[in-house]
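Colleague: Below is a structure I'd like to ask you about.
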Amino acid sequence: MVTFLSIRQQARLRSDMVQSNFVTEAELKLYVNSSVKELYDLLVSTYDDYYIGSPLEFTVTGTEDGYSLPTDFYKLRGLDRSIDSSGAASSWWTVDNFNFAERNRYNYQAALVRIFPLVKYRVFGSSLKLIPQTNAAGLYQLWYVPKCPELVADGDEFDGISGWEDYVVVDAAIKMLQKQEDDVSVLVAQKEALKMRIEAMAADRDAGT
C-alpha cells in the first residue's frame, strides 16, 4: 500500500521536478489517477480476481426481471442464487450467463422446470438482466471487481499488490516530462520492463494450481 502523497513525491523525484512548479499539484493528481487506472486495468486483465471483494447479496421479487448494479461495479466475476431463502453457504447455486441471441429462448420453457427453476443472467449497461422473469425471484449474491478508486486526499492509499506501484510512479513521471517536452526514452524503457514483469508474475497468484 502506498499513499497518494507518496506516489506524487516519487513521481517528482523520477522526473527531477521536486523544486519545479511547471507541473502543478492539480495536474500531477490527474496524471497519477490516470496511471493508477492503467495499472489497475493491467492487473485485472492479467488475473481477474485482483481487487475482488466479498459478494453482494440482493433479492429479486416476482415483479422484477433484474437488478441495478452497484455504482462501483466494473466487471462481473460470478452470480450465485440461493436454492432457499437462508443464504447458507451450502445453498448457493452458480447462475450461468446467456448469449444475447438467447434473450427470449427460455420464456416458454419456465413451466417445464419443476425442481429448481432455470434462470440465466446477462449484464446490460448498468443492470443485470435475468431470464425468464417468471423464475427470477430469489436471493442472489454478486461477485464483482469494483471500479478503480479515485485518489483524492494525500492519505488515500492504493494497493499495487506486490510493490507494483512503481509502475504508477514511472508512468506519471513520463507524463510530467512529456509536458515539458523532455526525453522520456529511459522512463519508457523502465515502464515496459515493469509491464513485462507484472504480466509475467501477476497471472500466477494462485501458484497452487
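Colleague: In this structure, is R12 open to solvent by 20 Å² or more (accessible area, probe 1.4 Å), in contact with a Phe, Trp or Tyr (Cβ under 7 Å, 6 or more places away or on another chain) and in contact (Cβ under 8 Å) with a residue 12 or more places away in the chain?
Modeller: Judged against the criteria, R12 is not a match.
Colleague: Do you know which residues across the stretch 159-186 are over 13 Å from D16 (Cα atoms) and among the basic types (K, R)?
Modeller: Answer for the stretch 159-186, where residues must be over 13 Å from D16 (Cα atoms) and among the basic types (K, R): just K179.
Colleague: Sticking with this structure for a sec: Residue by residue through the stretch 41-65, note down the ones that are open to solvent by less than 50 Å² (accessible area, probe 1.4 Å) and among the small types (G, A, S).
Modeller: G53, the sole residue that qualifies.
Colleague: While we're on this one: Identify all residues within the stretch 23-40 that are exposed (fewer than 15 other Cβ atoms within 10 Å of the Cβ) and either at pLDDT below 95 or aliphatic (A, V, I, L, M) (or both); write none if there are none.
Modeller: Within the stretch 23-40, A26, L30 qualify.
Colleague: Only one residue in A173, A202 is modelled with pLDDT of 90 or more, open to solvent by less than 30 Å² (accessible area, probe 1.4 Å) and aliphatic (A, V, I, L, M), so which one is that?
Modeller: Sole residue among the options that is modelled with pLDDT of 90 or more, open to solvent by less than 30 Å² (accessible area, probe 1.4 Å) and aliphatic (A, V, I, L, M): A173.
Colleague: Collect the residues in the stretch 30-69 that are among the acidic types (D, E) and farther than 30 Å from V169 by Cα, keeping them in residue-number order.
Modeller: Across the stretch 30-69, the qualifying residues are E57, E64, D65.
Colleague: Another question about this same structure. Within the stretch 127-170, work out how many residues are assigned to a helix (DSSP H, G or I) and open to solvent by 10 Å² or more (accessible area, probe 1.4 Å).
Modeller: The number of residues fulfilling the criteria is 5.
The values are calculated or read from the model by the stated rules, or taken from the named source; none is laboratory data. Computed from a predicted structure; not experimentally measured. All Cβ positions, even for glycine, are placed from backbone atoms using ideal geometry, and neighbour counts span all protein chains on display. These accessible areas exclude ligands, DNA and RNA; they are computed on the full protein's heavy atoms, side chains included. Shrake-Rupley method; radii C 1.70, N 1.55, O 1.52, S 1.80 Å.
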